[in-house]
Amino acid sequence: MNADKIKYIVLCFAVLTLSCNLSQFIASAPTPTPMLIVASTPIPPATKPPTRAVQLPPPAWWDKQIQMPNGAEFIGDAKRAMWSTGDTNVDRLRDFFLRQVNAAGYESFVITQSSGAIYDLLFVKGQTAYALNLTLGSDAIIITANRVGVMRLKVSGVLNTEIDLPMRGQIDTTPGSEVSIGTSLPSEACAGCQYFINVHIAPFKGVGTYDGKPGISIIDVELVPGGDYDRDNYRWAQTCVVTVQETGGSFDCRGLQNIIDQNQKVDASGTWTQPAQ
């Protein structure tokens, strides 16, 4: 074997060895991980948290001795006193307020509009009176408070009494066909007893003095001074003079007769004041 043939055999063996080593290197190399392309999600701009409406305090005229129940939220404004509470037991809330107003020296009256659902609480002390309405909703009780007028009623004759009574509504002194001045409240004397006074004037010409003399004004007065409406009802005053002002007035009516026994007579007089609108 000559030298050239030996060189050729050696060269082939070297090439074969290099090829095998290269194949083993490629086989052992790690498989490249494909690149994962993720689309970027835009980040929304920062937003401010919602701000709660400023809660105004109750109106200055409200008696701060009469506290609302824990958790009650004031939902009124400078003129309207309104609260909302999640407590839906109206009877318990009624008694809660009655304890407070009686402890504060008020005379209280409860008017049941719908038992267990709607109550009007009226309370008076001197010339200050309030009306508190409790109304049950689907998941809350709405409490509404108002200032109301005060009538000081004096009765003398077969019955004698003098009492301050809260008024149920505002007296409209705008001239018109008629006006009714008075109030209606339950009395503790019996289950159906009441304080009822209605001074009806027609025609009504606004503020001024009215005299019930024939041909001057028609003044019809009805009075139940704390008794039974069907038995202790007095009407048909013999004389009556009424003075009406924007925020108050007075009346002096004499000789009212019991509708059952006309020999029983009383005189009824009084004054009233009401908050300005």
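The values are calculated or read from the model by the stated rules, or taken from the named source; none is laboratory data. Remember, predicted model here, so these are calculated numbers, not experimental data. Quick reminder, even Gly has a Cβ in these numbers, built from the backbone with ideal geometry, and neighbours come from all protein chains shown. Protein only, heavy atoms only, side chains kept; ligands, DNA and RNA dropped before computing areas. Shrake-Rupley method; radii C 1.70, N 1.55, O 1.52, S 1.80 Å.
Some points to look at:
- Hits in segment 247-271 - residues which are over 17 Å from THR174 (Cβ atoms) and under 36 Å from the mean Cα position of the chain (by Cα): SER250, PHE251, ALA268, SER269, GLY270, THR271
- Close pairs from segment 224-238: first in contact (Cβ under 8 Å) with a residue 40 or more places away in the chain, partner exposed (fewer than 15 other Cβ atoms within 10 Å of the Cβ) and of a type outside the set (Lys, Arg), Cβ under 7 Å, at least 6 apart: PRO225/THR161; GLY226/THR161; GLY226/ALA189; GLY227/ALA189
- Across segment 44-81, the number of residues qualifying as at pLDDT 85 or above and either open to solvent by less than 50 Å² (accessible area, probe 1.4 Å) or not aliphatic (A, V, I, L, M) (or both) comes to 16.
- When residues of segment 82-93 are limited to those that are open to solvent by less than 50 Å² (accessible area, probe 1.4 Å) and part of a helix (DSSP H, G or I), the one farthest from PRO58 (Cα to Cα): VAL90
- Note on segment 157-177: among residues that are within 31 Å of the chain's Cα centre (by Cα) and of a type in the set (Asp, Glu), the one that is surrounded by the fewest Cβ atoms within 10 Å (Cβ to Cβ) is ASP172.
- With respect to the stated conditions, ALA103 fails to be under 19 Å from GLY182 (Cα atoms) and hydrophobic (A, V, I, L, M, F, W, C).
One line per residue, one yes/no per condition, for (1) in a strand (DSSP E or B); (2) at pLDDT below 95:
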{"residue": "THR209", "(1), (2)": "yes, no"}
{"residue": "PRO214", "(1), (2)": "no, yes"}
{"residue": "VAL221", "(1), (2)": "yes, no"}
{"residue": "VAL224", "(1), (2)": "yes, no"}
{"residue": "VAL241", "(1), (2)": "yes, no"}
{"residue": "GLY249", "(1), (2)": "yes, no"}
{"residue": "ARG254", "(1), (2)": "yes, no"}
{"residue": "ILE260", "(1), (2)": "no, no"}
{"residue": "THR271", "(1), (2)": "yes, no"}
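- Taken together, THR128, THR85 contain a single residue that is hydroxyl-bearing (Ser, Thr, Tyr), touching a residue at least 60 places away in the same chain (Cβ under 8 Å) and in contact with an Asp or Glu (Cβ under 9 Å, 6 or more places away or on another chain), which is THR128.
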